[in-house]
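This report refers to the structure that appears directly beneath it.
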Amino acid sequence: MVNAQEQIEKFQEFLELNYQKEIHSLVKQGASSLLVDFNNLSMFDPILAEEVLNEPEETIRAIEIALSQFDIPNKHIKVRFFNIPDSQRVLIKNIRSEHIDMFICFEGIVRQSSDVRPQVISAKFECPACGNNITMPQIEEKFKEPSRCSCGRVGRFKLIDKKLVDSQRIVLEEPSDNLGGGEQSKRLPVYLREDLVEPKMEKKTTPGSRVKVYGMVREVPIPSKTGGMSTRFDLCLEANYVEPTEECYDEIILDEDDLAKIRQLAKDPKIHEKFLSSIAPSILGHEDIKGALILQLMGGVKKTTGDGQEIRGDVHILLVGDPGAAKSSLIKFIENAAPRARYVVGRAATSAGITASVVKDEFIKGWALEAGAIVLASGGYLLLDEMDKMSEEDTSAMHEAMAQQTVTIHKANIHATLQAQTSVLAAANPKFGRFDPYQPIAAQIDLPPALINRFDLIFPVRDLPNKEKDSAIATHILELQHNPMSKEPPIEIDLMRKYIAHAKQSINPKLTPGAIEEIKNFYVNLRNSSTVGDSDAVKPIPISARQLESLVRLAEGSARIRLSSKVTRSDARKSISIMRYCLMQVGFDPETGQIDIDRMTSGITASTRNKIHTVREIIGFFESKGKKSIPMEDIMAEATDKKISESQVEEIIEKLKREGEIYEPRRGFISKI
């Protein structure tokens, strides 16, 4: 065991050799802690490094004393260690009594965090008899006073001063990827103090954040129900350093090497094709969907209007289609590529789990707000698989989050509005398992029309037999099975993440007059395209203002791929091409040969609405003639003259019966209610 003075001298030498530059920058920045790479210390003196791991309290105090002897104004700078050896990395479920008072590291997801509150770490008392000052360190939870003075006085002493530091308690939970079958996530409380709870750091430990915590394991006495202390103890961690392992795009720090690589890549004329080949290279085909996913990753620009209204920049995409068509694989790729993504499966999700919930908190003794997946993924992506398995009550909770990008909650005594600036990528199967190309999308999935309308793009993913395509897919899959590393992407995931981060942080493209004209012409011409048939009929609405905003977002995403600050005509054409593909796939009405947005969102096309209106008029005409019971034959005859088939009339009559407009008093006759 090295004595304390020797430790301090060795630490001084270590800091002088390795951290002179960092200590000078501490003074300039006014920082209150110094980050020390444990690897540097073990290379300098392995015995000293071993002392940090086995006797952390005394050894860290020694390095802090060594640091205070440098010529710096703040003599109370804390030393934070990171990058400790793998032998000290422990899973929460594996922490045992042997780890008490040792320096360890573990990873977890923040589940709860208390408010930051001051805590006494030492108190100074004065003896009323002799005036002597007694300092008492406050280590335990209960405030400790001196029992006697050196002059012999016993009794109460006067409190003259106390030293306070900010402290916070967070609860970390084992990440699900560390769990075996049937295991439940274990939790451990962590205590953060001083600069670990300053506002910038506190943002990194909000519920849902994934962090790596370094610190000392402590035992916490449990009071016995009968009074006194229990023989069993609780465990907690006194944090020395907290390192976020999952970041938003805004928090990714890029160095000069990264920026040089990104700028070099942006100059490539085939940058779009390279990104396309890098999105899920293990999946063959689906170029249109992959192209849309790149634009979703890049995102549009969030704007605030003069009257304070916010226009979202996040793109929402829905994939609907046959089972086994690689929808989930595409979603899983985005989970790995995006820095902050929450993967949720529909059958296991509730409205509280997706938006927010109010829970009883034992620590603060009251109601506490727990954020759901769409709030935790704010600044990132919500990946929602099997969306059709969710109930309508649960999906309706997402309306506000997808359109206004906030989650408002009024429960118990909590009234709060949470930010949910999240892009949603969802996948759903058709109602009857397989895709029916002759039925509208909305009629095939159990989702409210209002929710479907909030998606910028809806892609049908069909699995149709095709000899050439099937042969290519089979070859591709079998090659992957034979050699899993055979499909290397042109852009590595790490570089892709940094590229997107740079684009989101620095590039805010603006529409050029050419792009505005291109989008405007497409929108106006499509909305006012000529109608087939009766000019007085209900006209189909091919595209709405919501899709116009989507076109702008997609065009901005296309400009960001090139790291361009201008949205050009080619970007506008790219967004129009993707939108037209989606509208043709899911909004095309084969009866009229036109695009109809209602087919996509509500399931009832304008041509169908027109026929319903005609049948209503026929029933009204017969009723005005004084007929209370109208024969079905008469309605059929009139409808056939107006070019509506008998099967369509029967379908409309059934629909009107279900809606309670008409009823059948006797077989073959119809009456209005």
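The values are calculated or read from the model by the stated rules, or taken from the named source; none is laboratory data. Here the structure is a predicted model, which is why all the values come from computation and not from measurement. Note: ideal-geometry Cβ built from the backbone for every residue, glycine included; neighbour counts use all protein chains shown.
Mind listing whichever residues of segment 411-437 are under 20 Å from Thr395 (Cβ atoms) and free of Cβ contacts under 8 Å to residues at least 24 places away in the same chain?
Of everything in segment 411-437, just one residue is under 20 Å from Thr395 (Cβ atoms) and free of Cβ contacts under 8 Å to residues at least 24 places away in the same chain, namely Phe432.
Those residues that are of a type in the set (Lys, Arg) and buried (at least 20 other Cβ atoms within 10 Å of the Cβ), I need them from segment 93-108; list them, please.
Start the filter on segment 93-108 by keeping residues that are of a type in the set (Lys, Arg), which leaves 93, 96.
Selection gives nothing.
Quick one: is Ile104 within 17 Å of Glu238 (Cβ to Cβ) and either part of a loop (DSSP other than H, G, I, E, B) or basic (Lys, Arg) (or both)?
Values: within 17 Å of Glu238 (Cβ to Cβ): yes; either part of a loop (DSSP other than H, G, I, E, B) or basic (Lys, Arg) (or both): no.
No.
Here is a check on your reading of the model: is Ile72 surrounded by 12 or more Cβ atoms within 10 Å (Cβ to Cβ) and in a helix (DSSP H, G or I)? Steps first, answer last, please.
Values: surrounded by 12 or more Cβ atoms within 10 Å (Cβ to Cβ): yes; in a helix (DSSP H, G or I): no.
Here the answer is no, as Ile72 does not meet what is asked.
Please go through segment 292-322 and pick out each residue that is in a loop (DSSP other than H, G, I, E, B) and touching a Gly at 6+ places or on another chain (Cβ under 7 Å).
Gly299, Gly300, Val301, Lys302, Gly313, Asp314, Val315
Of the residues that make up segment 631-640, is at least one farther than 14 Å from Thr614 by Cβ, in a loop (DSSP other than H, G, I, E, B) and modelled with pLDDT of 80 or more? Outline the logic, then answer.
Applying the first criterion (farther than 14 Å from Thr614 by Cβ) to segment 631-640 yields 631-634.
Narrowing the set further to residues that are in a loop (DSSP other than H, G, I, E, B) leaves none.
Checked segment 631-640: no residue is farther than 14 Å from Thr614 by Cβ, in a loop (DSSP other than H, G, I, E, B) and modelled with pLDDT of 80 or more.
Condition first: assigned to a loop (DSSP other than H, G, I, E, B), closer than 17 Å to Leu330 by Cβ and not polar (S, T, N, Q). Now tell me which residues in segment 251-291 satisfy that.
Going residue by residue through segment 251-291, those that are assigned to a loop (DSSP other than H, G, I, E, B) are 252-255, 267-270, 279-286.
Still in the running and closer than 17 Å to Leu330 by Cβ: 279-286.
Within segment 251-291, Ile279, Ala280, Pro281, Ile283, Leu284, Gly285, His286 meet the criteria.
If I filter segment 294-316 for residues that are at pLDDT 75 or above, more than 15 Å from the chain's Cα centre (by Cα) and within 16 Å of Ala428 (Cβ to Cβ), do I get at least one hit?
no
Go through (1) touching a strand residue (DSSP E or B) at 6+ places or on another chain (Cβ under 7 Å); (2) surrounded by fewer than 15 Cβ atoms within 10 Å (Cβ to Cβ); (3) at pLDDT 75 or above for Pro137 and report which single condition fails.
Among (1) touching a strand residue (DSSP E or B) at 6+ places or on another chain (Cβ under 7 Å); (2) surrounded by fewer than 15 Cβ atoms within 10 Å (Cβ to Cβ); (3) at pLDDT 75 or above, Pro137 violates only (3).
Within segment 387-438, which strands (runs of 3 or more DSSP E) (wholly inside it) include 1 or more residues that are modelled with pLDDT of 80 or more? Break it down into steps so the answer makes sense when it comes.
On the way: elements: 406-411, 414-419, 423-428.
Because the criterion is at least 1 residues that are modelled with pLDDT of 80 or more, the strands (runs of 3 or more DSSP E) in segment 387-438 that meet it are 406-411, 423-428.
Hey, could you check segment 323-338 for residues that are in a helix (DSSP H, G or I) and aliphatic (A, V, I, L, M) and say which is nearest to Glu492 (Cα to Cα)?
In the first step, residues of segment 323-338 are kept if they are in a helix (DSSP H, G or I); the result is 327-337.
Right, trim to aliphatic (A, V, I, L, M) and you get 330-331, 334, 337.
Numbers: Leu330: 16, Ile331: 18, Ile334: 13, Ala337: 10 Å.
Only one residue fits best here, namely Ala337.
Which members of segment 18-65 meet the condition of being at positive phi and in contact with an Asp or Glu (Cβ under 8 Å, 6 or more places away or on another chain)? Step through it out loud before you land on a result.
In the first step, residues of segment 18-65 are kept if they are at positive phi; the result is 30.
Across segment 18-65, there are no qualifying residues.
With respect to Val320, is the statement that it is within 23 Å of Glu393 (Cα to Cα), without any contact (Cβ under 8 Å) to a residue 40 or more places away in the chain and not acidic (Asp, Glu) true?
On the way: within 23 Å of Glu393 (Cα to Cα): yes; without any contact (Cβ under 8 Å) to a residue 40 or more places away in the chain: no; not acidic (Asp, Glu): yes.
When the stated conditions are applied, Val320 does not pass them.
Considering only segment 56-65, I want to know if a residue exists there that is surrounded by 13 or more Cβ atoms within 10 Å (Cβ to Cβ) and in a loop (DSSP other than H, G, I, E, B).
No, every residue in segment 56-65 fails to be surrounded by 13 or more Cβ atoms within 10 Å (Cβ to Cβ) and in a loop (DSSP other than H, G, I, E, B).
Here are the criteria: (1) under 20 Å from Tyr499 (Cα atoms); (2) of a type in the set (S, T, N, Q); (3) in a helix (DSSP H, G or I). Tell me which single one Ser378 does not satisfy.
With (1) under 20 Å from Tyr499 (Cα atoms); (2) of a type in the set (S, T, N, Q); (3) in a helix (DSSP H, G or I) applied to Ser378, the lone miss is (3).
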